[in-house]
Amino acid sequence: MDRRKELEKMKVLGELDALARGYGLDIDHMRKSEIIEAILEHESAQPEERVVKRRPPRKAANTKLKAMRVKAGLTQREVVEQTGINAQTYAQYEQGVKNFDSARLGVILNTCVALNCKLEDIIESKDILKTIEAYNQI
């Protein structure tokens, strides 16, 4: 059945107006035959090309924290269980979304124990690393 016959049938069933309004057609002062022609024109028209802006894919963060966890052979879940850190927060630390260097000292030390590593192995900030080095000299 061709499209015009389908629309004629819809006209009889009273569904034509709803279809036309769905296409955004102003049909208040149109005859049924004009509505059918407008729908056919609308359906045969080439759709406008839309430019969809997409975010560039997020690069996987290569944080020291993640590298040490992988080196230790642990999953995020295992580290979370050992440290008591919230799972979502820990994932954000590993992804670099949240700054692990700003975490509470207890969280950082518990993480060092869980990963069997030193502070220098998971701290990113050069300033903090200098402070740790100075502290180790005491």
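The values are calculated or read from the model by the stated rules, or taken from the named source; none is laboratory data. This is a predicted model, so every value here is computed, not measured. We place every Cβ from the backbone using ideal geometry, glycine too, and count neighbours over all the protein chains shown.
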I'd like to know if region 98-113 contains one or more residues that are outside any helix (DSSP H, G or I) and under 15 Å from Ala67 (Cβ atoms).
no
Pair list, Cβ < 7 Å and 6+ apart or interchain, from region 108-124 residues that are within 12 Å of Val80 (Cα to Cα) to residues that are assigned to a helix (DSSP H, G or I) and of a type in the set (S, T, N, Q)
Asn110/Thr83; Thr111/Thr83; Ala114/Gln82; Ala114/Thr83
Go through (1) over 17 Å from Thr63 (Cα atoms); (2) modelled with pLDDT of 95 or more; (3) of a type in the set (A, V, I, L, M, F, W, C) for Ala114 and report which single condition fails.
(1)
Can you tell me which residue among Met1, Met10, Met68 is at pLDDT 75 or above and either surrounded by fewer than 12 Cβ atoms within 10 Å (Cβ to Cβ) or out of contact with any Ser or Thr (no Cβ under 6 Å at 6 or more places or on another chain) (or both)?
Met68
Result of the Cβ filter at 8 Å on region 77-102, keeping first residues that are at negative phi and of a type in the set (Lys, Arg) and partners that are surrounded by fewer than 18 Cβ atoms within 10 Å (Cβ to Cβ) and in a helix (DSSP H, G or I), at least 6 apart or interchain, is Arg77/Ala87; Lys98/Thr89; Lys98/Gln92
Return the residues of region 121-138 that are surrounded by 10 or more Cβ atoms within 10 Å (Cβ to Cβ) and not in a loop (DSSP other than H, G, I, E, B); say none if nothing qualifies.
Asp121, Ile122, Ile128, Leu129, Lys130, Thr131, Ile132, Glu133, Asn136
Picked from region 81-100 (must be surrounded by fewer than 17 Cβ atoms within 10 Å (Cβ to Cβ) and charged (D, E, K, R)), the residue nearest to Leu129 (Cα to Cα) is Lys98
